[in-house]
Amino acid sequence: MFSQYTTEELYNIFLMQCFSGLSLFSVLLLMGLGLALIFGQMGVINMAHGEFMALGAYTVYFCSSMTEQYAPSLGPYYFVFAIGIAFAICALVGALVEFLMIRHLYHRPLDTLLATWGLSLIMQQTYRSLFGAREVTPTLPDWLMGSFNIKEGLDIPINGVFVLCLALAVTLVLMVFMYKSKFGLRLRATVQNRKMSGAVGINTGKVDRLAFSLGCGIAGIAGAAFTTIGSTGPDSGSRYIVDAFLVVVFGGAANLLGSVASAFGIAQAQSILEFFLDGTKGKVATLLVIVIALMFRPQGLFPSKVRGH
Amino acid sequence: MLSVQNLSVSYGQSNVIPDMSFSAAAGEILGIVGRNGMGKSTLFRALIGMLPSRGGRILLKDREITRDAPHQRVGHGVAFVPQGRMIFPYLTVYENLISGVRGKVSEEAVNEIYALFPVLRDMKKRKGGNLSGGQQQQLAIGRALMTNPSVLLLDEPTEGIQPSIIKDISRSLREIRDMKNLTIVVSEQVLSFVLDTCDSIKVIDRGRLIREDRRADVDAEQIKAMLAV
Ligand SMILES: Nc1ncnc2c1ncn2[C@@H]1O[C@H](COP(=O)(O)OP(=O)(O)OP(=O)(O)O)[C@@H](O)[C@H]1O
Ligand SMILES: [Mg+2]
């Protein structure tokens, strides 16, 4: 089946698929973190999470066009700012969505599911009207293009490495935020016992809004990262949402480390299997592995343990 | 300090507390005793706001808090130690203590709690869920005190706790009251604890207060008979 390749070539292809897996890993990780944050905090399955990712990607595209038009000299730097702007815009829209919609649908999981699904359609249509049905690509600064040539026949793309560092940095910051900040403490308390959190003095409604907003903001960063590996269309988000859900289910919603490991596993499995099998078969094989793994560890990879719980 | 007027509380159709009125003065420790299922926890949940009141008013000093959300009531000076303690199991002892504090955490206040319950200092880095029942009870009281309340509500603090620790808790509560002129409302089934701790005692039966005594003139035998099933 692989007779047209030498062993050497196969080995290089394997390594390069690993690295393209790392880009996918980064996007999935960021998506999964946001989803898990929102689901863990409020029990809300955000079907529009992919569209928030697309919003982040479109924001980068918008920043890119603006820079080209009005301040071409900023070209090499705009991308870094665009990531921040994508985060801010998605977080803002997320807070608005929580305020206008989600908080009224509390305790009605099916309704939030439908509502966020409806929202995802509205957002897709909005992208179509604003940016057209065609896929768009922001102009990436030169320093992100090109690749490290490790050796003959083995190139590691710089943007992949950049995106990976970005995802890991966001994970790290989120972890510090969750475990060191006052907001993180309130968030963890609310997740563990919502009623009691109110009764000790935590404004759980406010914690919810911040959590939803933060989750959406991280989806925005995922979108910014996504622009380096693919072009953005109105339905780009919906293509990643299933994988992102898999990350959450597999990793266990309450555990950041679980999300990292499961995003890694899923992305690597997919990108390696995709080459050696083909797209759909790769996905099916990945799914199969996850289903089998979940049979043995129904609470995900890293369930937490405390006496009496 | 705390005044309840014609309070009525229901779960759906079932009206567990039809019409209840009482008040507790600043610095008073009020005991509410009653058998299982008589509405003690229901009363406390309504007081802190976890359950909505169907009718009546709850006043703290002169401020009406009947419609406030739980976290707002805490902000106004009510604190709650629930039945079963409800410690956050995955937060450390220290994190549990500061979980409800608004603004900057005063380490002085934390140390005050540690002085009151030294075992909490030794275990401050442990997860709340790994503490024993008695330790969790002390943590729950400490957590409530951290928000600097003027009224402290305790729902069956002695449930499942050994006699020596019950004595400790009783002593701590009186100590706190003396220190801060705190109003304490505590529900109980264990009469000896109530007699040790409280300044006055009310008996609750099917959601109604059917008897009130100052501690000095409590007839322990009569109340015991009322608590017997
Ligand atoms: N969530 C609920 N829904 C419906 N009825 C309830 C609910 N919680 C309690 N009740 C009922 O309300 C009544 C009072 O219950 P409550 O828990 O207040 O009693 P209690 O005095 O605290 O008892 P215990 O000493 O066992 O804690 C009981 O008849 C109980 O069955
Ligand atoms: Mg009770």
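Could you list, ordered by first residue, the pairs with Cβ atoms under 7 Å in which the first is in the stretch A:33-55 and under 11 Å from A:Gly215 (Cα atoms) and the second is charged (D, E, K, R) and surrounded by fewer than 24 Cβ atoms within 10 Å (Cβ to Cβ), at least 6 apart or interchain?
A:Gln41/A:Asp208
Residue check: is B:Val186 within 16 Å of ligand 1 (Cβ to nearest atom), at pLDDT below 90, within 30 Å of B:Val119 (Cβ to Cβ) and surrounded by 17 or more Cβ atoms within 10 Å (Cβ to Cβ)?
no
What are the pairs, 6+ residues apart or on separate chains, where a residue within the stretch B:27-46 that is assigned to a loop (DSSP other than H, G, I, E, B) has its Cβ under 7 Å from a residue that is of a type in the set (Asp, Glu) and more than 6 Å from ligand 1 (Cβ to nearest atom)?
Short answer, once both residue conditions are applied: B:Glu28/B:Asp199; B:Gly34/B:Asp205; B:Met38/B:Asp205.
Kindly provide the set of residues from the stretch B:132-165 that are away from ligand 1 (no atom under 16 Å from the Cβ), more than 26 Å from B:Ser3 (Cβ to Cβ) and among the aliphatic types (A, V, I, L, M), ordered by number.
B:Leu139, B:Ile165
Please give the number of the condition A:Ile229 fails out of (1) part of a loop (DSSP other than H, G, I, E, B); (2) out of contact with any helix residue (DSSP H, G or I) (no Cβ under 7 Å at 6 or more places or on another chain); (3) β-branched (Val, Ile, Thr).
With respect to (1) part of a loop (DSSP other than H, G, I, E, B); (2) out of contact with any helix residue (DSSP H, G or I) (no Cβ under 7 Å at 6 or more places or on another chain); (3) β-branched (Val, Ile, Thr), A:Ile229 is out only on (2).
Which fully enclosed helices (runs of 4 or more DSSP H) of the stretch A:151-204 have 3 or more residues being at pLDDT below 90?
Fully inside the stretch A:151-204 and qualifying: A:158-180.
Within the stretch B:138-158, which residues are within 14 Å of chain A (Cβ to nearest Cβ) and within 16 Å of ligand 2 (Cβ to nearest atom)?
Residues satisfying the conditions are B:Ala140, B:Leu153, B:Leu154, B:Asp155.
Let me confirm something: among A:Glu9, A:Glu51, which residue is of a type in the set (Asp, Glu) and more than 23 Å from A:Phe79 (Cβ to Cβ)?
Just one listed residue meets the conditions, A:Glu9.
Within the stretch B:143-180, how many residues are under 14 Å from the mean Cα position of the chain (by Cα) and farther than 27 Å from B:Ala46 by Cα?
So the answer is 0.
Can you tell me which residue among B:Ile169, B:Ile161 is in contact (Cβ under 8 Å) with a residue 12 or more places away in the chain and more than 16 Å from ligand 2 (Cβ to nearest atom)?
So the residue among B:Ile169, B:Ile161 that is in contact (Cβ under 8 Å) with a residue 12 or more places away in the chain and more than 16 Å from ligand 2 (Cβ to nearest atom) is B:Ile169.
Restricting the first residue to the stretch B:59-80 and requiring it to be farther than 22 Å from B:Lys40 by Cβ, which pairs with a second residue that is surrounded by fewer than 24 Cβ atoms within 10 Å (Cβ to Cβ) and acidic (Asp, Glu) meet a Cβ separation below 9 Å and a spacing of at least six or different chains?
B:Gly75/B:Asp68; B:His76/B:Asp68
Being loosely packed, with under 14 Cβ neighbours inside 10 Å and in a helix (DSSP H, G or I) narrows it down to one of A:Gly94, A:Gly118, so name that one.
Matching residue, one of A:Gly94, A:Gly118: A:Gly118.
Out of all the residues in the stretch B:67-93, which are part of a strand (DSSP E or B) and more than 7 Å from chain A (Cβ to nearest Cβ)?
Within the stretch B:67-93, B:Val78, B:Ala79, B:Val81, B:Thr92 meet the criteria.
For the stretch B:198-229, what are the residues that are surrounded by fewer than 18 Cβ atoms within 10 Å (Cβ to Cβ), assigned to a loop (DSSP other than H, G, I, E, B) and within 20 Å of the chain's Cα centre (by Cα)?
Within the stretch B:198-229, B:Asp199, B:Arg206 meet the criteria.
Tally time: how many residues in the stretch A:190-204 are crowded, with 24+ Cβ neighbours inside 10 Å and at the interface with another protein chain (Cβ under 7 Å from one of its Cβ atoms)?
Going through the stretch A:190-204 one residue at a time, the tally reaches 6.
Considering the stretch B:123-142 alone, what residues qualify as being in a helix (DSSP H, G or I) and over 17 Å from the mean Cα position of the chain (by Cα)?
Result: B:Gly128, B:Gly129, B:Asn130.
When you look at B:Met86, is it under 17 Å from the mean Cα position of the chain (by Cα) and of a type outside the set (Phe, Trp, Tyr), yes or no?
Yes, satisfied.
Restricting to the stretch B:30-50, what's the tally of residues that are within 8 Å of ligand 1 (Cβ to nearest atom), hydrophobic (A, V, I, L, M, F, W, C) and in contact with a Lys or Arg (Cβ under 8 Å, 6 or more places away or on another chain)?
Qualifying residue count for the region: 1.
So how many residues does the stretch A:130-149 have that are touching a residue at least 40 places away in the same chain (Cβ under 8 Å), surrounded by 15 or more Cβ atoms within 10 Å (Cβ to Cβ) and over 14 Å from A:Thr227 (Cα atoms)?
1
Restricting attention to the stretch B:103-122, does a residue exist that is assigned to a helix (DSSP H, G or I) and at the interface with another protein chain (Cβ under 10 Å from one of its Cβ atoms)?
So far as the stretch B:103-122 goes, no, none of its residues is assigned to a helix (DSSP H, G or I) and at the interface with another protein chain (Cβ under 10 Å from one of its Cβ atoms).
The values are calculated or read from the model by the stated rules, or taken from the named source; none is laboratory data. Keep in mind that this is a model prediction, so the values were computed, not measured. Because the Cβ atoms are built from the backbone with ideal geometry, glycine has one as well, and the counts that use them run over all protein chains shown.
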